[in-house]
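Structure first, commentary second.
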Amino acid sequence: MTDVDGHGETSSTRGRVLAEAVRAYEAAAPGGAGVDDRAAEAAGRAVGGDFERRLVARAAALPAAGKLSQALDRVTRAGKWAVVVGVVLMAVAGAGAARGAMAVSVDGGASGGGGISGGGGQTVNVFWALGALLGVQTLLLLGWLVAMVGWPGGAGQGSLGAAVLGAGRWLASRVDRSAEQLAAMEAVTGTLMRSGAGRWVFGLVSHALWAGFNVGCLVMLLVLLSVRHYTFAWETTILSPEAYVQLTQWLAALPGVLGLPAPTVEQVVATQAVAEAEALNEARWAWAGLLAGSLVCYGLAPRALLAVGCALAAWRAQRRWRLDVTLPGYGRLRERLMPTTRALGVVEGADVEGETEEALSQERRGEGRPVGPAAIVAVEVRSHEGVWPPVVDDVQWRDLGFVDDREGRRRVIEALEASEVEPAVLVVVCELAATPDRGTERYLGELRRTVTRSPLLLLTGGQALRERGDTEAIGRRLSQWRTLAERVGIDGDAVLDLDLDHATDASLRQLAQRLPRDQDTTTPPAAGHTRHLEAAFDRIVTHARQWQGPPDPPARSKLHREIAALYRSDGGGDAKALTKLLDVPTDFRGDWQSKVRNSASRVVDMLPPSLRLRPRWLAAGAASGALGCVAAATLLSPLAIAALPTWTAIGAAIAAAAQPRGGHTVSDVPQDADEALHSDDYTEAVDAAALFAMLLQLQGLGEATISRVLDRVLTDVDDTRRLTDADAVRRWLDELRHRFDVAFAEEVRA
Amino acid sequence: MNAAARTAASAEPLRVAVVGHTNTGKTSLLRTLTRDRAFGEVSDRPATTRDVRGAALLVQGQPVAELYDTPGLEDSISLLEHLEQFRDDHRTTGHDLVARFLEHDDARRRFPQEAKAIRQVMAAQVALYVIDAREPVLGKYRDELAILAWCARPVVPVLNFVADTAHARTAEWREQLAKLNLHAVAEFDTVVLDESGEQRLFEKMRTLLDSHRATLDALIADRQRLRDELTRSAAMIVADLLIDAAACVVRAPADEPGKVDAAMEQLKQRVRQREQRAVEQLLDLFRFGQEDYLGHDLPLENGEWGWDLFNPETMKRFGVRTGGGAAAGAAAGLAIDAISGGLTLGLPTAVGAALGGLLGSGSAEGRRLFDRLRGYSELRCNNATLQLLTVRQLALVRALLQRGHASPAPLRLDADQAPVTARRLPEPLQRARAQPAWSHLNSPAATAFAGPPRRRDAAVADLADQLHHTLRRPEA
C-alpha cells in the first residue's frame, strides 16, 4: 500500500488511487448512488483525454477529495510506520537470533548465555550457528520463490509482508473509523489487488523485514566477535569430514569473491577437534570471516536484491495499472464526463404564436342555394373497409368520395362550389388517429366555406387507436380535433367519434340523429328512404288493368290511398312527412273542401313553373294533391272517412286549385267539379297517381329539390299522348321511372 | 491546397437535418440518438416542436455529426402550390423555387414551420425524413417528399413506429419510397430501441455520403463499443448484487424462535434494500430517472418491488422453480441451517470446527460449524431467491437496453422478457455461498480480518462475464 507510493509513485497513479477511494466512498454512502457534482464533472470534462483521465480529474475536483487525499496519506503513513516498526522488531529479533546462535557450544546445549566461560572463551559449533542464522530464512525465501513462480496469480497474502501491512491496516482502522478512512483503505488494498502490484509490495515488505533481521544479526555477530573470544569447531556423528570440507568450500566461494577470509582445508579438518581448534588462531579469524560473509552473502544480499527487484516490479505494475472503467461506480459517470452528445441549443427560435394564422374568411360562397341531399367526403381516411358511403337510415348521400391529395381536394371544393344545391349537411370524415395538422385545418376551412351550415366532422378509425390500448390518447386526439373544428368554424357538437368500420346500429342511429331531418330548418337528407316507386307504379298498372274505362273518383282515391300506404309502411315517421308534404289537416272537422283545395294547391305550387303552364300537369298536380290529401287523411284516422266531403266537392276543390295563377291563360283546364274528376281515358288518372308516387319518393328533399327533379323528369314529356289501356300505362310508367332515375341521379351528382 | 481544404472539410461535423410531417417522432428520434431524455419536448400534439434545436454526436469528445430537429411539415400541399407561384419559365428548377421561397418574407410568414425545416435541409449534408409508418402514404407525404427532393440533398427516410407491427405499413412505405427513388430506407423505432437499428441508420447515411464514410464508421464503432461497455457495466452491477446476496448470512440463536424470525426479517430487509440499490444504480447507469419507473404500476413501489422478492408468487411469475416444496413453504426464499448443537456432529468434527472457529477467518466452513456448535442458526437466501434476483435483474437490464429515450410510457417489467437461465446456480455464486466476507451486507465484524477481497473481485468479474454473455445473446 504505502510503499507503493514510496517506490515510484507517479502522479497519475496517485490520481487513480484517489479515484478508487472516491468510488469506494461513494459506494459506501447511504444509498450508494454516487454524488452528482456538476463542478467536478465539468472539471473532468475540461481536462479532456480519455475516460479514465476524466474520471481522475473529476475525483480530484470533488469536495471530498481533500479529506480522502489526507486519508490516503494517513494510510500511507500508517503502512510506512508499520514497516519501520516491523524492520526494527526484525532487527532486534535478528540480534537475538545471532546471540542465541553464538551461545550454542559444541558440547551441546546452550551455555550460560552472556557469561564468559571459564577457559579461553566459548566454543561455537560453526555449522550449527550458520544453520540457525540462515536456515529458517533461506527456507522461507525458497518458499516465497516457489510461490511466486508456481502461483503467478497469487497475491502473496500469506507472506510476512501481508501480515505486517494487515496489521498496519488494522491499526489504522482502530485509530480512525471515518468513512473517508475506510474508503481510503479499501482503495489502497483494492488498487494493490487489481493492479497486481500487491504481491510485489508484499514481497518487498517481506524482504525488507528479513533484511532488517539480517542487519540485526550481522551487527550482533560483529559485536559478539569483537568483545568475545570464540573458538569455532564442528562435530559430526555420521558425516565424513570431507563433506564439511566441501560445504565450507562452497559456502566460502561467494564471500571469497568479496575478499573475506575463509578457512583452508587443513583448517577445516583441524577444527573438527575442539582441542585442536583452540590452538588454531588463524582458523578462528577465518571461521569468523566465513560466518559474517555467509550472513551477508546468503542472508542480507539476496533480501536486499529481491527487495529492490520487488520494488521495481511493483512500480512497473502500478504504472501499467488502469482503472477498470466498467466498474459500477464509473459506468454511471461515462456520459457525464465523456458525453456522446452535446446540445447545441436553439438554432432558430419559435415564431410568435398566431402569426401564422390567416384571417379565416367568413364569406360563404353560394349563399342562398336550395338545399340538396346530404354530402359526404372522406379526407385522408386511411382505409375504409365497409360500404361507402355508409348506410344510414333514410339517407341518400351525395358521395364526394375520398380525398387524399391536391387534385382530390380541388375536385371536391369545385364540385361543392359549382353545385346548384347546397348539401343539407356536409359530412366530413377524418381519421381520428391522424394528427390534426395545419394542412388538414386549412382544407377543412375551405370545405367549411362552401356551405352555410356547419359541416359534421365524423372521426373514424377510433377502433384502431383503442386497439393500441391508449384510451387517454383517444381523448387527447378528440380534443385536438375539436380545437381544430372550432378554429375552422365547425360547431363543437358537430364533432363525432364514430368508427364507420366498426359501426353498430346504435352508433349509426347516433349519426342519423345528427343529420337534420326537419324540413323547415334543414331539409333532412332523406330521399333515401326505401324506394317504393316501382311498387307504386306496379300498383298503378294493376289498377289500370282492372279499370273498365276511365276510373271514377272512388277508384282513383283508392289507388292514391294504396300508394300512400306503401310509403307509410316503412318507418313511423313517414305518415307525418306525408301530412306535411300535402299539408293534410289533423283536424277533420270543419271545411273539408278548403282543406282539400289547400293540399291540391300545395302540390301545384311544388310543380316547376314550366309544368304549371301545361294544363294536363296542372290538373294532374291538383288531382294528386287533393286525392293524396284524402288518402292521407283516411290513412291517418278513420274519423276522416266519416267526414269526407262528396266527390263533387273534391272535384270542385281540384278545379279551383287547377286554375292558372298570375293571369296566365291556360286552355283545357278543368273548369268544374265534373270535369275535374272525369276524363276520357286513363291518362289523367295515371299521371296524377304517378305524380303522387314521385312526390312521395322525393318527400323530404325540400320543395325546391322536388320541383327541380320533377322539372327534369317531365319537361319534355309529350302532352298529347293518350293512355287507353293497361299496356300503354305500363310502357309509359316504365319510361317515367327511367326518366325519374336519370333526373334523380343528375340531382345527386350536382 | 486542395487536399488541405478537403481535410478541413472532413473535420467539419456532418450536418444532418431531421425533418418530417408533424408528430412523426422527429424529436423522439433525436432523443434516442442522443440518449437524452431532456432533449426538446415530446407529445402527441401536432407542432410540439416549433423551433430548431441541435445536438452534436461526439466521438471521444469530438463532434462528428450535428443533428437538427426541425418543426414538422404540416401543410405541404399548400406549400407546393405556393412554391409553384415562383416558377417563371420552364427552366426554373425545383431548387430555384425552394431558394426563392426562402428569400421571400411573406412566404415565411405563411409557412413558418416549413420554412425553418427547409432552411435546415438546405444547410445540411443529409436529411432524415421521419415517417410514422402507421400512416398510409398520403398525398401530403408525397408532396413533402417532392419538396425535399427539390432541396437537392440526400434523404434517408426513417420509418418510425415499425415495432407496432399490427399497424405499421412498412412494406407499403418501402414500395412507395422506392418509386420515388429512395432506396436507402432505415427502420428505427424510437420507443423500442433496437440494438442494431441505430447502426443500420448510420449505415444508410454512409451509403449516401461517401465523403463522410470515415466519420460514420468511427461513429458506428464508437457506439458499438459504448454499448458493449454499458452492458458490461450493467452486468457488473447485477453480479455485485448477486454476490452480496449469495454471501449474506445472518446468525441467530437457534433455540430462540423469536430471534430467528427477527433475523430472518433482517436478512430479507437487507437483500431487498440491496436490490433496490442495484436498481437505482442501473437506472443511473442508463441515464433514466426516477420518473421513468415511479409510475403507478411499476415494479418498484416506495422503494420496494411491487412483487416482493420473498413472495412465492413472484417466483412463479418470473418462472423460477422453487424446487422442493419444503423450501418454498414456511420460510419462502430462505435457507436455514437448522442443525444446532454439537451432538449430531460427533466429537472429532466438533473439535476441528471449534479450532476452525477460533482461528477466525481462515475457514468459513469452520466458522459455520463452530456456530452450529454454539447453537446458532445461520440464515441465508436460498437458491430460488438468488435465481429470482438474477432473472429479474437481467430482465430489467434488458428492458433498459431496449428502451428508447423517447419512450413516454413508464418502464414496465415483463416477466416474459426474463431470460431463461439454467436451473443451476452460476458457479461464482456457489463460491460466494461459503464466503461471508464477500458480502457487503454482512456486518463489518464478519469481514474485518478477511483481508483484501481479491477473490471476491474475481468472482464478481466471472459472474459479470457470464451475465454479459447472457445479455448479449439475442432473445429466443
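The values are calculated or read from the model by the stated rules, or taken from the named source; none is laboratory data. Values in this document were obtained by computation on a predicted structure and should not be read as measured data. Reconstructed Cβ throughout: ideal geometry from the backbone, glycine too, with neighbour counts over all protein chains shown.
State yes or no: is B:Asp36 under 23 Å from B:Gln224 (Cα atoms) and either assigned to a loop (DSSP other than H, G, I, E, B) or at pLDDT 85 or above (or both)? The answer is yes for B:Asp36. Among the residues of the range B:36-64, those that are at the interface with chain A (Cβ under 9 Å from one of its Cβ atoms) and farther than 29 Å from A:Asp50 by Cβ comprise B:Ser43, B:Asp44, B:Arg45, B:Pro46, B:Ala47, B:Thr49, B:Arg50, B:Asp51, B:Val52, B:Arg53.
Each row is one residue, and each column tells you yes or no for (1) closer than 18 Å to A:Thr705 by Cβ; (2) in contact with a helix residue (DSSP H, G or I) (Cβ under 7 Å, 6 or more places away or on another chain).
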{"site": "A:Val392", "(1), (2)": "no, yes"}
{"site": "A:Trp397", "(1), (2)": "yes, no"}
{"site": "A:Gly401", "(1), (2)": "no, no"}
{"site": "A:Arg410", "(1), (2)": "no, no"}
{"site": "A:Glu414", "(1), (2)": "no, no"}
{"site": "A:Glu417", "(1), (2)": "no, no"}
{"site": "A:Glu420", "(1), (2)": "yes, no"}
{"site": "A:Val425", "(1), (2)": "yes, no"}
{"site": "A:Val428", "(1), (2)": "no, yes"}
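Looking for something modelled with pLDDT of 85 or more, buried (at least 16 other Cβ atoms within 10 Å of the Cβ), more than 13 Å from chain B (Cβ to nearest Cβ) and within 22 Å of A:Arg194 (Cβ to Cβ) - is there at least one such residue anywhere in the range A:36-44? For the range A:36-44, residues modelled with pLDDT of 85 or more, buried (at least 16 other Cβ atoms within 10 Å of the Cβ), more than 13 Å from chain B (Cβ to nearest Cβ) and within 22 Å of A:Arg194 (Cβ to Cβ): absent.
Can you tell me how many residues in the range A:417-466 are part of a helix (DSSP H, G or I), within 14 Å of another protein chain (Cβ to nearest Cβ) and in contact with a Ser or Thr (Cβ under 8 Å, 6 or more places away or on another chain)? So the answer is 3. Annotation note: of A:Ala97, A:Ala27, A:Ala82, A:Ala101, the sole residue that is touching a helix residue (DSSP H, G or I) at 6+ places or on another chain (Cβ under 7 Å) and either farther than 30 Å from A:Gly135 by Cα or modelled with pLDDT of 90 or more (or both) is A:Ala27. When A:Asp404 is tested against (1) at pLDDT below 75; (2) within 14 Å of chain B (Cβ to nearest Cβ); (3) within 23 Å of A:Ala433 (Cα to Cα), only condition (1) is not met.
For (1) surrounded by 18 or more Cβ atoms within 10 Å (Cβ to Cβ); (2) assigned to a helix (DSSP H, G or I); (3) within 14 Å of chain A (Cβ to nearest Cβ); (4) in contact with a His (Cβ under 9 Å, 6 or more places away or on another chain), each residue gets a yes or a no:
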| residue | (1), (2), (3), (4) |
| --- | --- |
| B:Ala149 | no, yes, no, no |
| B:Ala152 | no, no, no, yes |
| B:Val158 | yes, no, no, no |
| B:Leu177 | yes, yes, no, yes |
| B:His183 | no, no, no, no |
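The lone criterion from (1) over 28 Å from A:Leu444 (Cα atoms); (2) charged (D, E, K, R); (3) touching a residue at least 60 places away in the same chain (Cβ under 8 Å) left unmet by B:Asp89 is number (3). Within the range A:196-216, the presence of at least one residue that is more than 30 Å from A:Ala64 (Cβ to Cβ), modelled with pLDDT of 85 or more and hydroxyl-bearing (Ser, Thr, Tyr) is confirmed. The residue list B:Arg232, B:Arg223, B:Arg206, B:Arg213 contains one member that is at the interface with chain A (Cβ under 9 Å from one of its Cβ atoms), within 30 Å of B:Ala171 (Cα to Cα) and either buried (at least 16 other Cβ atoms within 10 Å of the Cβ) or touching a helix residue (DSSP H, G or I) at 6+ places or on another chain (Cβ under 8 Å) (or both), which is B:Arg223.
Taken as a whole, the range A:687-704 holds at least one residue that is part of a loop (DSSP other than H, G, I, E, B) and of a type in the set (S, T, N, Q). A single member of B:Leu67, B:Leu30, B:Leu83 is touching a residue at least 24 places away in the same chain (Cβ under 8 Å), assigned to a helix (DSSP H, G or I) and facing chain A (nearest Cβ under 10 Å), and it is B:Leu30. Checked across the range B:94-111, the condition of being within 11 Å of chain A (Cβ to nearest Cβ), modelled with pLDDT of 85 or more and crowded, with 18+ Cβ neighbours inside 10 Å holds for at least one residue. Criterion applied to A:Ala283, A:Ala304, A:Ala314, A:Ala288 was being surrounded by fewer than 18 Cβ atoms within 10 Å (Cβ to Cβ), hydrophobic (A, V, I, L, M, F, W, C) and out of contact with any strand residue (DSSP E or B) (no Cβ under 6 Å at 6 or more places or on another chain), and the one residue passing it is A:Ala304. In this structure, B:Ala115 does satisfy being within 30 Å of B:Arg206 (Cβ to Cβ), modelled with pLDDT of 85 or more and either more than 12 Å from chain A (Cβ to nearest Cβ) or assigned to a helix (DSSP H, G or I) (or both). Note on the range A:161-178: among residues that are more than 10 Å from chain B (Cβ to nearest Cβ), more than 53 Å from the chain's Cα centre (by Cα) and touching a residue at least 60 places away in the same chain (Cβ under 8 Å), the one that is nearest to A:Trp200 (Cα to Cα) is A:Val164. Could you tell me whether A:Ser206 is under 30 Å from A:Gly100 (Cα atoms) and free of Cβ contacts under 8 Å to residues at least 24 places away in the same chain? Spelling it out, it is not the case that A:Ser206 is under 30 Å from A:Gly100 (Cα atoms) and free of Cβ contacts under 8 Å to residues at least 24 places away in the same chain.
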